[in-house]
Structures are given as structure tokens and as C-alpha cells.
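S.K.: Below is a structure I'd like to ask you about.
Read the figures in this text as sums done on the coordinates, not as results from a lab. Computed from a predicted structure; not experimentally measured. Quick reminder, even Gly has a Cβ in these numbers, built from the backbone with ideal geometry, and neighbours come from all protein chains shown.
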Amino acid sequence: MSVETGDQGRHQEVGHKSLLQSDALYQYILETSVYPREPEAMKELRELTAKHPWNIMTSSADEGQFLNMLLKLINAKNTMEIGVYTGYSLLATALALPEDGKILAMDINRDNYELGLPIIEKAGVAHKIDFKEGPALPVLDQMIEDYHGTFDFIFVDADKDNYINYHKRLIDLVKVGGVIGYDNTLWNGSVVAPPDAPMRKYVRYYRDFVLELNKALAADPRIEICMLPVGDGITLCRRLS
Ligand code: SAM
Ligand code: CA
């Protein structure tokens, strides 16, 4: 996959949600398989989020569909999400879980979560969510003792410079055979850009952390991994032991 580095390059466009080389192909996926099957609540939340000034942060509809399918495939019940924003991936998760399923959801910003919350409530899945406002790392540290090996699935979509620190804790919190999904591991395609390539400031800042994470995950014998070019890249890690 090549990287377009100029300002005119479509993979650098704000809000572009696919690493596919062809926009037409991505539209085809969305229009053929994603939008026609997107639950009404997710559509509503996606459209609400599109109007928000930080909408670049939201998960794409195809990623939401992927997460929803994955959670059903692994029969996930007890889950965690780090990085909620307005809750698009959270809603995809909540809709996939059984009635007694649980999501521990963490974000430093409650306002954005509350923006999407009425839609999540209307969808009848808010009872599955335990939202904690604040940085995730100290919460994980508190949990290590009592929640060892309890999570079926953990989705990490927050501060990329902390992913390695999250991994050190999450590997204990996820159960053996459970899955951690790290989001944005292809980081706008910048992971293969030459160091002097023009990049948006935040892309350049977090790039080294993403590169470091990808190396660390590939070398970690405690997990099996699979890096998927869905959305901005998602790396699935299955805990082995
Ligand atoms: N998963 C969300 C979705 O599908 O729309 C997108 C999450 S957005 C990319 C990243 C979120 O991480 C932001 O809402 C931000 O407030 C949150 N965040 C940043 N640093 C954090 C931290 N230390 N602990 C918890 N959340 C954090
Ligand atoms: Ca993301």
C-alpha cells in the first residue's frame, strides 16, 4: 500500500476513514454491505457525530460492523473500551453483547459520551455500560489484583502514546483466549512514510509510538496477532497464556 504524503493526497484527508487505495472501492463496501445493514441507532449516532468538531476521531461504519461481528463470533460478554468519544464503537459493542453483557468504558471526556448517550439509551443497551470518566491507566492499575483474566474483549482506541503501557496491564486483565483490539495501528498509512514526508503534526507526533507498539506486539510471545487494514488499521491480539 503506497502512502500519499502531499496535502492533496486523499489518505491524508481529514476524516478519511479507509486505507484502501480506491475511494470507489471503499464507497462500494459501505454502500453495498455496511449502510444497508447498519442498525438505525448506529446510523443516528454516526450522523450526530459527523456534526461534531472532533468527528475525525470516530470509528468508521465498516469498523463498527466489524467489531459487532467479531464480538458475536467470540461470544463476548465481559468487555472493556478505552477511548469512547461519542460512543460509536461502544454502541457497536453494546448491541453485540447478550442482555447481561458488560462494558467497562473509559474516557477522560464525559461530555462527548453524554452527547451520544440518549441514542444508546433509546437503543435499549445503556444498562450494559459502566462509564468511568478519567484517565484509563490508573483504573487498570487498580483492577490488576481483582480482575485478573476476566475480560473476553478489550478495545483500545485512546491516547496512542500509552498503548504500550495499556498492553502491560491488559495482558493480565484479558482472559486466556480473549482478544485485545488496538485501533489505528496503521496510523493514516504513516507507518510506511519516509521520516521526512510531510505529515500532519498529530500524525507525526504519535507515529513513533504506533511503530513501537507494532514491533512490541509482533515480538510478544504471550499473544497471537492479526493486523487488519480495517478503518485505520486494527491489530487483534489473542492471549495465549
Ligand atoms: N472509540 C471511539 C469511537 O468509536 O468513536 C473513538 C475514540 S477517540 C479516537 C479517542 C478518545 O480517547 C477520546 O475521546 C479521548 O478523550 C480519549 N482519551 C484520550 N486519552 C485518554 C486516557 N488517558 N484515558 C481514557 N481516554 C482517553
Ligand atoms: Ca480509532
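S.K.: Three principal axis extents, largest first, for the C-alpha atoms of the chain, in Å?
M.R.: The Cα atoms of the chain stretch 48, 41, 31 Å along the principal axes, largest first.
S.K.: Here's a follow-up. Taking the Cα centre as origin and putting +1 on Lys and Arg beta-carbons and -1 on Asp and Glu beta-carbons, what dipole magnitude results for the range 159-241, to the nearest 20 debye?
M.R.: The dipole magnitude comes to about 140 debye.
S.K.: In sequence order, what are the phi-derived ³J(HN,Hα) couplings for the range 182-195 according to the Karplus relation 6.51 cos²θ - 1.76 cosθ + 1.60 with θ = phi - 60°, rounded to whole Hz, with x for glycine and proline?
M.R.: My calculation for the range 182-195 gives 9, 9, 6, 7, 9, 6, 6, x, 5, 4, 10, 7, x, x Hz in order.
S.K.: Sticking with the crude label model, points 7 Å out along Cα→Cβ, report the distance from LYS215 to HIS52 in nm, one decimal please.
M.R.: The modelled label-to-label distance comes out at 3.4 nm.
S.K.: Sticking with this structure for a sec: Report the net charge of residues surrounding ILE108, where surrounding means a beta-carbon distance below 11 angstrom and charges are Lys +1, Arg +1, Asp -1, Glu -1.
M.R.: On the way: positive: ARG110, LYS132; negative: ASP107, ASP111, GLU133, ASP159.
Its environment carries a net charge of -2.
S.K.: In addition: Please report, in debye to the nearest 20, how large the charge dipole of the chain is about its Cα centre when each Lys and Arg carries +1 at its beta carbon and each Asp and Glu carries -1 there.
M.R.: Working: 25 positive and 35 negative charges, 66 e Å.
About 320 debye.
S.K.: Let me ask something else. What distance in nm separates the two pseudo spin-label positions at ASP23 and ILE225, each 7 Å out from Cα along the beta-carbon direction?
M.R.: The answer from the label model is 3.2 nm.
S.K.: Still on this structure, I have one more. For GLY178, what charge total do you get from the other residues with a beta carbon under 9 Å from its beta carbon, if Lys and Arg give +1 and Asp and Glu give -1? Before the final figure, lay out each step's value.
M.R.: On the way: positive: LYS175, ARG238, ARG239; negative: ASP152.
Its environment carries a net charge of +2.
S.K.: With a point put 7 Å past each Cα toward its Cβ, work out how far SER241 is from LYS77 in nm, to one decimal.
M.R.: 2.7
S.K.: Right, here's the next one. Checking the table LYS132/LYS160; LYS102/LYS175; LYS77/LYS132; LYS43/LYS72; LYS128/LYS168; LYS128/LYS215 against a 23 Å threshold on Cα-Cα, which pairs fail?
M.R.: On the way: LYS132/LYS160 19 Å; LYS102/LYS175 15 Å; LYS77/LYS132 19 Å; LYS43/LYS72 20 Å; LYS128/LYS168 26 Å; LYS128/LYS215 34 Å.
Distance filter (> 23 Å) returns LYS128/LYS168; LYS128/LYS215.
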